Amino acid sequence: MEKMPLSDLIINGVSGAGGGTYDNVRIDGVGKVNGAIEARSFKGNGHVHLNDDVKAIEVECNGIMNVKGSLRFGNMKADGLLTIKGGLSGESCALNGMINVKGDCELENLTGRGGFTVGGLLSAGKVEFCLQGQSKANEIGVESLVIRQENKGVWSKLWSGMIPKLKPELRVGIIEGDYIDLENTIADIVRGNVVMIGPGCSIGRVEYRSKLTVYPGVRIMKEEKISE
Amino acid sequence: MDKDLISKKELLDLTGISYGQLYRWKRKKLIPEDWFIRKSTFTGQETFFPKQTILARIHNIINMKDGLSLDELADKLSDMSSLNSTALTAEDIVSRNIVSQMTLNKFGNLTSGQSAYSFEQLIILYTVDYLLSSGEMSLEEAELLSQTLVETAAKFEGKSWDLYFVRKMGVTSFILALSPSELVFDEGVRLVNKLSLGDLLEQLKGKLS
């Protein structure tokens with residue numbers, strides 16, 4: 001049987017569509033898709049509602065995107081607000097804005113600025129993140145994790161005092177990784193090989209293997225060196 | 001605490017791998033999700049693993065990861081560890097049509113007095129039976145192969161191997177090489193068959209399940 005070339009799904013303006021397998025999916029404006037989508041490339045601008053799982057090699061998203069199922073991708077570039085009810089898994093993700101994942105998050109590369117909320121485990125190869133707002137994760141397991149605070153100006157302090165969502169901090173239960181470099185992080189347990197605790201952190205317990213660096217004045221309840 | 005469970009920290013100490021590696025392998029599905037057992041301890045939540053299976057799996061991964069990408073490895077490993085503990089009796093083998101009765105009678109004396117065949121022995125029997133039934137190998141050659149496998153297969157210590165079955169001027173040889181391998185022979189050599197452990201395992205897995 002000869003294979004038909006896949007068709008595209010293009011929505012401009014306000015409209016809806018069914019799921020299926022597509023080549024290109026492009027939604028500009030307000031789009032709603034019922035049913036699972038599989039596509040080579042997925043681009044969403046504006047307000048995109050997806051009521052089921054999404055699978056795409058390239059994902060680009062500007063604006064607001066809601067996914068009721070899980071999201072799988074090769075590469076993703078996201079600006080704006082992303083909410084995912086299921087899990088998130090992919091190779092690399094560049095984020096500028098807020099991402100909210102209810103399930104687990106599995107990535108090889110996560111870079112970005114803004115904030116993230118992961119309900120389950122954030123498992124990644126490399127994470128480099130600039131905090132601009134409140135971030136949360138239940139558990140983080142990584143090879144390398146670098147958390148930075150973006151702006152340290154007076155205005156950001158003022159805003160974060162008024163709106164708690166804008167307070168740049170990361171709250172985690174357990175962080176485990178090889179290389180951990182933290183700022184503005186509140187964690188119960190941090191376990192790692194090389195651990196650096198920067199300003200603004202509050203850590204319940206640190207277990208490290210080879211090296212621990214602590215910024216002066218940071219509160220750590222208990223630190224423990226694990227011998228080989 | 002349960003004896004057959006191992007905590008994450010102990011596991012890392014014992015095997016010498018790092019947190020990053022463990023999480024990476026989990027992401028690549030080299031370690032199944034349901035082996036991660038969460039329990040609360042006095043220091044909060046801890047993750048535990050079934051000790052024997054996880055140790056064997058990590059041993060396998062470390063041995064096999066050279067030359068293979070993690071994705072290939074994941075395919076290879078998927079559910080091999082449960083097979084390693086299977087043991088079948090002679091009747092089972094015949095009734096499930098894994099190895100023919102004739103092969104079993106002739107070469108089935110691998111177990112020294114025990115009634116059940118271990119998985120490694122099954123692989124040997126299956127290999128011999130496979131080549132015999134394809135008509136490419138004579139009984140004497142089968143004898144040689146069975147002997148070779150019994151003596152040498154254990155040396156690979158769980159690593160994957162390829163079996164080359166070659167003839168030159170009517171003389172038969174069996175060559176075992178660490179897979180993935182590529183052998184080049186002179187002109188007079190005829191490669192009768194090439195089997196890889198991975199394929200054999202796959203077929204055997206199909207028959208067992």
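The values are calculated or read from the model by the stated rules, or taken from the named source; none is laboratory data. Just so we're clear, the structure is a prediction, and the values are computed from it rather than from any experiment. Don't worry about glycine lacking a Cβ; one is built from the backbone with ideal geometry, like all the others, and counts go over all protein chains shown.
Values for this structure:
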read-out	value
Among the candidates B:Leu73, B:Leu68, residue that is in contact with a helix residue (DSSP H, G or I) (Cβ under 9 Å, 6 or more places away or on another chain), in a helix (DSSP H, G or I) and away from chain A (no Cβ under 13 Å)	B:Leu73
Unmet criterion (only one of (1) at pLDDT 90 or above; (2) buried (at least 16 other Cβ atoms within 10 Å of the Cβ); (3) in a strand (DSSP E or B)) for A:Gly19	(1)
Flag for A:Val190 being within 30 Å of A:Gly87 (Cα to Cα), in contact with a helix residue (DSSP H, G or I) (Cβ under 7 Å, 6 or more places away or on another chain) and within 14 Å of chain B (Cβ to nearest Cβ)	no
Residue in the range A:159-167 that is within 14 Å of chain B (Cβ to nearest Cβ) and touching a strand residue (DSSP E or B) at 6+ places or on another chain (Cβ under 8 Å) present	no
In the range A:193-228, residue farthest from A:Val118 (Cα to Cα) [restricted to those that are of a type in the set (Gly, Ala, Ser) and within 14 Å of chain B (Cβ to nearest Cβ)]	A:Ser227
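Residue by residue, here is whether (1) modelled with pLDDT of 85 or more; (2) assigned by TED's automatic domain parsing to the domain that holds B:Glu136; (3) among the β-branched types (Val, Ile, Thr); (4) closer than 30 Å to B:Ile62 by Cβ holds:
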residue	(1), (2), (3), (4)
B:Gly158	no, yes, no, yes
B:Trp161	no, yes, no, yes
B:Arg167	yes, yes, no, no
B:Gly170	no, yes, no, no
B:Leu178	no, yes, no, yes
B:Glu182	no, yes, no, yes
B:Val189	yes, yes, yes, no
B:Asn193	no, yes, no, no
B:Gly198	no, yes, no, yes
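For (1) outside any loop (DSSP other than H, G, I, E, B); (2) within 21 Å of B:Arg27 (Cβ to Cβ); (3) within 18 Å of the chain's Cα centre (by Cα), each residue gets a yes or a no:
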site: A:Asn34; (1), (2), (3): yes, no, no
site: A:Ser41; (1), (2), (3): yes, no, no
site: A:Val48; (1), (2), (3): yes, no, no
site: A:Gly69; (1), (2), (3): no, yes, yes
site: A:Gly74; (1), (2), (3): yes, yes, yes
site: A:Gly80; (1), (2), (3): yes, no, yes
site: A:Leu95; (1), (2), (3): yes, yes, yes
site: A:Asn100; (1), (2), (3): yes, yes, yes
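Conditions (1) at pLDDT 90 or above; (2) among the hydrophobic types (A, V, I, L, M, F, W, C); (3) touching a Pro at 6+ places or on another chain (Cβ under 6 Å), marked per residue:
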position: A:Phe116; (1), (2), (3): yes, yes, no
position: A:Gly119; (1), (2), (3): yes, no, no
position: A:Ala137; (1), (2), (3): yes, yes, no
position: A:Gly153; (1), (2), (3): no, no, no
position: A:Met162; (1), (2), (3): no, yes, no
